[in-house]
Each structure stands twice: as C-alpha cells, then as structure tokens.
Amino acid sequence: MDQNQFEGTLNELTGKVETATGNLTGDAKLQADGRIDQGIGKFEQSYARARETLRGVVDDVSGQARHAAATAQATAGSVGEALEQNVHQRPLLALAAAGALGYLIAFLVHRK
C-alpha cells in the first residue's frame, strides 16, 4: 500500500465517521463534510491503483524493449559475422559486389 492508498483509505474512513456522526446529531454540514472526505478518499485510492497499473505497464514495455534490443543486437552480430566470412571465402565476389554498389550509387546521384 503506497502513500496515496493509505491516505485515501484514511480519508474515506474519516468521512464515514463524520457522515455517521452528522446523521446521529442531525448536523447537515458534518454529513456533507463526511461525504466530501469519502469522495476524496475514493479518488486517492483510484489514483494510486491507476498509478500502480501504469507502473506495471511501463515495466512490461521496457522489458520487452530490452529483449527486442538484445535480439536485434544478436541478429546484427550474426549477420556481420556471416558477411565477414563470405568476404574471406569469396573476396573477388565481394569486390565485384562493392564495385557494382558504388556504380549504382554514382549513377543514381549523377543522373539528370
């Protein structure tokens, strides 16, 4: 139970006591104050629950993002290793691919 939940519960109970006392004594102002305190208490409790729910959602999303980043990093590493291995195994093919890519970029940049 966090501070808002505790204060909400306390305000709600105080409001119930005030309302009951107002009912017994016939004091309309005390009854109204009690209802207001009950409403404030319920609001504080709802706020605390919403905040806790949001905190859980943020934790879940950040955990999923960390997992996705780790997966992407592992995939990028394995792709890089595979590319490096292919360059070592077939250097002429790698050189031809790099030349073709350079020619394509130059063609796209300088065409009018």
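The numbers here are math on the coordinates, done by the rules we state, and not lab data. Here the structure is a predicted model, which means the values were calculated and not measured. Here Cβ is always computed from backbone atoms with ideal geometry, including for glycine, and neighbour counts include all displayed protein chains.
At least 1 residues being touching a helix residue (DSSP H, G or I) at 6+ places or on another chain (Cβ under 9 Å) and acidic (Asp, Glu) is the threshold, and among the helices (runs of 4 or more DSSP H) wholly inside the chain those reaching it are 3-25, 28-89.
Filtering the stretch 66-112 to residues that are surrounded by 10 or more Cβ atoms within 10 Å (Cβ to Cβ) and of a type in the set (Val, Ile, Thr) leaves THR71, THR75, VAL79, VAL87, ILE105.
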